[in-house]
Amino acid sequence: MKKIIIACIAAMMAASAFAQDQQVRFFSHRGGRMEFDENTISAFEASYKAGYRGYETDIRMTKDGKLVILHDSNLTRTTDTEGVVEQMTEAEIRKARTKKGGKVMFLDELMDWLDSKGDVTYVEFELKTNPANLYPEDRLKEYCEKLYERVMRNKPAGATYLFTSGDYRGLRYLQQAHPGVQMLLITGKPCNDETIALCKAMGINRLGATMDGTSRAAVKKAHEQGLIVSLWPGHSTADAMLGVYLGADFLCTDIPVEVKSFMETKTPWVKAVY
């Protein structure tokens, strides 16, 4: 069934004029979490070697104020250690190993890696400030300032570094403290009238919405409203094809190597950037 769906979408796209002119940017979600050891140097390096110059990652803050690259607040899913990131020190977290034996990465290490490459052009830095009780107002401010300073310190002139979140508090703070900051609003809802209006009300011109329930007409409307649309999830090549058909500007992928190979061999008419 999956192969039939992909074939049908591919046929529709091949016959559509829009596919000839559309460009879509794929980026490696957590370094390619379904192919590699998520949010580790090895994952980002593997995606880089596969040809990717766009990435997404997640940042939390330890008890002693260090910024660490972890998606979950609890270490249980991804490491051999139990505990809540925000209640642990840097030293305690550095003792942990991922389920695949890798080291937990801190933001300084990721930024040094990005600096060493010199040709990375797109990175999404997601503010992981949930649950909200772990980031009360003073701690949220400290987190945002540390994150902004470190990310922007050596940002290449031509690169797009975005601060993204589904927690409106952090985005609002960055807007007020650093006018002109580039942001993306993440929502678990589709691109529709509601989420388009929310972006407009917040003064954010990038929307990260779920494909489920998104229509091509809604994406077109978002574009007409001046929004850039990024869609998720990216678990399969079928997701990639659906995102392209819907007209997304950006698509995350958890399988960067598989998606790139598929797009290059099966859909050469799509102007894909990685």
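The values are calculated or read from the model by the stated rules, or taken from the named source; none is laboratory data. Given the structure is predicted, the values throughout are model-derived calculations rather than measurements. FYI the Cβ positions are ideal-geometry reconstructions off the backbone, even for glycines, and counts take in every protein chain you see.
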Return yes or no: is E126 crowded, with 20+ Cβ neighbours inside 10 Å, acidic (D, E) and in contact (Cβ under 8 Å) with a residue 40 or more places away in the chain?
yes
Has the stretch 208-221 got at least one residue that is under 26 Å from D119 (Cα atoms) and either of a type outside the set (D, E, K, R) or outside any helix (DSSP H, G or I) (or both)?
yes
Total residues in the stretch 212-226, condition within 22 Å of E56 (Cβ to Cβ) and either of a type in the set (S, T, Y) or surrounded by fewer than 21 Cβ atoms within 10 Å (Cβ to Cβ) (or both):
4
Positions within the stretch 162-186 being hydroxyl-bearing (S, T, Y) and buried (at least 18 other Cβ atoms within 10 Å of the Cβ), in sequence order:
T164, S165, Y173
Total residues in the stretch 54-98, condition surrounded by fewer than 23 Cβ atoms within 10 Å (Cβ to Cβ), under 21 Å from the mean Cα position of the chain (by Cα) and among the acidic types (D, E)
2
Just for helices (runs of 4 or more DSSP H) wholly inside the stretch 59-164: which have at least 1 residues that are out of contact with any Gly (no Cβ under 8 Å at 6 or more places or on another chain) and more than 25 Å from G180 (Cα to Cα)?
90-94, 107-117
Report, by residue number, each residue of the stretch 225-239 that is β-branched (V, I, T) and in contact with a Lys or Arg (Cβ under 7 Å, 6 or more places away or on another chain).
I228
Near pairs, Cβ below 6 angstrom, 6+ apart or cross-chain, from the stretch 50-70 (more than 15 Å from S28 (Cα to Cα)) to any residue that is surrounded by fewer than 21 Cβ atoms within 10 Å (Cβ to Cβ) and among the aromatic types (F, W, Y)
V68/F106
Flagged in the stretch 227-262 as surrounded by 24 or more Cβ atoms within 10 Å (Cβ to Cβ), part of a helix (DSSP H, G or I) and either β-branched (V, I, T) or at pLDDT below 95 (or both), in numbering order, are V244, V259
Across the stretch 9-42, which residue is surrounded by the most Cβ atoms within 10 Å (Cβ to Cβ) among those that are aliphatic (A, V, I, L, M) and modelled with pLDDT of 95 or more?
V24
Going through (1) more than 16 Å from L110 (Cβ to Cβ); (2) within 20 Å of the chain's Cα centre (by Cα); (3) in a helix (DSSP H, G or I) one by one, F44 fails only at (1)
